[in-house]
Structure formats: structure tokens, C-alpha cells
Amino acid sequence: MLAIDAVGVTKKYKGSRMLALSDISLKVESGKVFTLLGRNGAGKTTFVRICATQLTPSSGTIKVLGHDILQNASEIRNLVSIVPQEGRPLRALTPWDHVYNWLKIRGEGSSSAREKTEDILRKLELYEARNRPAMNLSGGMKQKILVAMAMATKAQLLFLDEPTIGLDPVSRRQVWSAIKQWKSNGGSILLTTHYMDEAEILSDYIVIIDKGKIVAEGTIQELRRIIPQNMRVDVSKDGLDVNSLSSYGSVVDTGGGMLRVFTFESAARELSELAIRHNVSFTVSPVTLDDVFVHLIGQTIDKGDTNGVGQNERN
Ligand SMILES: Nc1ncnc2c1ncn2[C@@H]1O[C@H](COP(=O)(O)OP(=O)(O)OP(=O)(O)O)[C@@H](O)[C@H]1O
Ligand SMILES: [Mg+2]
């Protein structure tokens, strides 16, 4: 069964002229991490909230775990769990109170609720702080309380709307590991994030939306192929001039004193040799999701194409 089956979903907020979502159709397979990417205002949260039965669409149909969001909202609510984008824990309650009480509300028995609360608080390194009121915790710890609440449940589908925002690199990895474990237990996840490394590490399938419309979708490998030049070489700006670099591929100034050349493997090798001969520092890597995102979305903002990808091909 599909975790989410959305067909022709459109959303227009009251009083707004623009469509927040326009004819979105997508299928989220069970047991997978499905990621929505898009700039601020693209429509990600709107889609998540519609699937979580917090908002209704203007048109289109969505089935969540086989249930229609309009006809069976209460069944769906028992089967899903959400980390909302703008959620905040209650100031006076502790991490333990939040998770334990949430599990009890969702029908868990006391001893199992205690066990699960302890387990998730330890996993997310909140256990030491379990009895401190949320108002005395840091921003990242508050965010982790929300993640802990959602991930302690035995929901089948988890909605994670920017779950790692504001988290330090170690805490992010704790959440990633909890997400992977959730998936290995057969759970499904709809994720949104602005962190491309996070999307690359976690996603089985990605949909990129812009201004309410799907602009690209696929696995990481499929999305990477959108940029024909599959390699990028970052070269220090001091050593080689742009003109000599542009004969190898499209050149972008990444800031921070580096120029990035998008190119093919053989030209990347030639360019590396050139950099070595001139004693210029450089790094070579395959194109990343970040490059693909800028390539796709950057072009819709600026037809002048500041990112340069896709023009100069050499092999
Ligand atoms: N309650 C609302 N009333 C009117 N318009 C809204 C409302 N919520 C969102 N919008 C509009 O809908 C569009 C999509 O917003 P949404 O919050 O879904 O974007 P998002 O992709 O989640 O962005 P972000 O990455 O910033 O979280 C935006 O143009 C936004 O201004
Ligand atoms: Mg959002």
C-alpha cells in the first residue's frame, strides 16, 4: 500500500491570489524516506499539512495509508505523527512530560510509555535534561523534544517538516540515525529540509517543487543526471584565470576564493593536472544535489542563468 497517493492537489489560501500548490501528483511508497525540496514559500509545509489533515486542499484527492484525507481524517490521525515546522514545546513541561504524556494520549500503556520515552530521550541525548522545564532548555533541545514526541510513537507515517533546523552537527546525526532506524522498522517518512546533505543521506526519493509545482523528481542518482557535466572541480581563484578555466566547462564563482568548474570526467582530469602543474589547490567531486537544486531553481529566478551550468560542454 502507498503511504501517500496524491492526485492533482491544488491549494489556494483564502485572500491569496497565488496558488500555494498547483496540480501536485505524487506517490510515497511505504517504508521509504520521501523528501520535498524547494525554496522558501515553495509549498512544502502546505503539502505536509494537507496530508496530515491539518488543512484541506482546494481540489484534488489524497489518500494517506489508504484513507481519504477528507472522509477518514480521524483514522489518518491515529496512524501518522508530525513534527510541525513551527512547533514549540510547552514552557513549563519537561522533555519527559512531553514524550510520556503524548504516548499515553495515543493509547500506550504506562510501562511501555516509560520504556519508549527513556529510549528516545537517550537516543536524542535529552535524557540528562529530561526533568528540566522546556523554557530552560536551548533552542536545539526544544526542537529535539518535538522530534522525540513524533518518533516515540508507533505511527506508520511520520511527517518531518524541517526536523533538524537549529540542531548542532552531532544532534543532526542523532536525528538521522533515529530516522534510519524508523525506516528499518518499516515506517514511512515524508521529510522536508533545506539541508542538501541531509536530503542526500536520507532520501530514497526526492521531489523538488517551486512555486507550488513539481519541477523535478527522482532518486539522488536520477536527479544528479539532470546536470550533464557530472563532475565539478573547485579551483583556487588566485592561481588560474577564468578564461583558461572556461575552456574546460561552465565556471561559477562560489565565493570564498574558489571557482567551480562543471565538467566531464576526462576534462576534470586534465584540469586537475593543470592545477597541479601551476601548484594551485583544487578539489574534484561528482556534482551534488546542491548543484542540481541551484541549476533547476536558480534558472527559474534568473533567466540570465548565474549558475552557468549546462552551457559549455567539453569532453
Ligand atoms: N496561512 C496562510 N495564508 C495565506 N498564505 C499562506 C499561508 N501559509 C502559507 N501561505 C503561502 O503559501 C505559499 C507556500 O507556503 P509554505 O509554507 O507551504 O512554503 P514552504 O515551502 O513550506 O516554505 P519554507 O521553506 O519557508 O518553510 C507561500 O506563498 C506562503 O506565503
Ligand atoms: Mg515550510
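Values quoted throughout were computed directly from the atomic coordinates according to the rules given, and no laboratory measurement underlies them. Everything numeric here is computed off the predicted structure, so don't read it as measured data. No Cβ is skipped: glycine too gets one built from the backbone with ideal geometry, and neighbour counts run over all protein chains shown.
Using Cβ point charges alone (K and R +1, D and E -1), the dipole size of the chain about the Cα centre works out to roughly 1180 debye. Maximal additional length on extending the residue 176-residue 238 stretch stands at 18.5 nm, based on 0.36 nm per residue less the C-alpha distance. With R₀ fixed at 30 Å, the C-beta to C-beta distance from residue 70 to residue 93 puts the FRET efficiency at about 0.35. Taking the Cβ of residue 89 as the centre, find all other residues whose Cβ is under 15 Å away and add up their charges (Lys, Arg: +1; Asp, Glu: -1). Residues close to residue 89 contribute a combined charge of +4. First select every other residue whose beta carbon is under 13 angstrom from the beta carbon of residue 73; then total the charges, Lys and Arg +1, Asp and Glu -1. Within the 13 Å Cβ shell, the charges total +1. The modelled label-to-label distance between residue 201 and residue 247, using points 7 Å beyond Cα along the C-beta direction, is 4.1 nm. Projecting the Cα positions of 35, 227, 110 onto the charge dipole of the chain (unit charges on Cβ atoms of Lys, Arg, Asp and Glu, taken about the Cα centre) puts 110 furthest along the positive direction.
Binning all Cα-Cα separations of region 183-231 at 10 Å, short to long from zero, yields these whole-percent fractions: 21, 52, 23, 4.
Using C-alpha pairs below 8 Å separated by at least 6 residues, the relative contact order for the chain is 18 percent. Under 17 Å of direct C-alpha separation, and excluding same-chain neighbours fewer than eight residues apart, residue 142 reaches these lysines: 123. Note that region 62-77 has calculated 3J(HN,Hα) couplings of 9, 10, 10, 6, x, 9, 6, 5, 8, 8, 10, 4, 5, 4, 4, 4 Hz, one per residue in order, obtained from phi through the Karplus relation 6.51 cos²θ - 1.76 cosθ + 1.60 (θ = phi - 60°); glycine and proline are x. Can you flag which of 12/32; 27/63; 32/63; 44/180; 27/154 are past 19 Å Cα-Cα? The pairs that break the limit, which is 19 Å between Cα atoms, are 12/32; 44/180; 27/154. For region 175-245, applying the loop criterion from DSSP together with a ceiling of 13 other beta carbons within 10 Å to the trypsin sites (Lys or Arg not before Pro) yields 225. Projecting label points 7 angstrom from Cα along Cα→Cβ for residue 128 and residue 217 puts them 4.4 nm apart. The rule of thumb for compact globular proteins, 2.2 N^0.38 Å, goes into the C-alpha radius of gyration of region 53-183 1.08 times.
Work out the P(r) tail for region 227-301: percent of alpha carbon pairs separated by more than 17 Å, whole number.
The proportion of pairs with Cα distances above 17 Å equals 38 percent.
When the scattering of region 1-124 is computed by the Debye formula from its Cα atoms alone, each counted once and equally, what is log10 I(q)/I(0) at q = 0.14 Å⁻¹? The Debye formula, applied to the Cα set alone, gives -0.75.
Shown here are the Rg and Dmax of the Cα trace of region 2-223, at 17.1, 51 Å. Take the Cβ atoms of residue 225 and residue 104, set R0 to 45 Å, and the FRET efficiency comes out at 0.40.
Within region 66-133, the trypsin sites (Lys or Arg not before Pro) that combine a DSSP coil assignment with at most 16 other C-beta atoms in a 10 angstrom radius are 91, 106.
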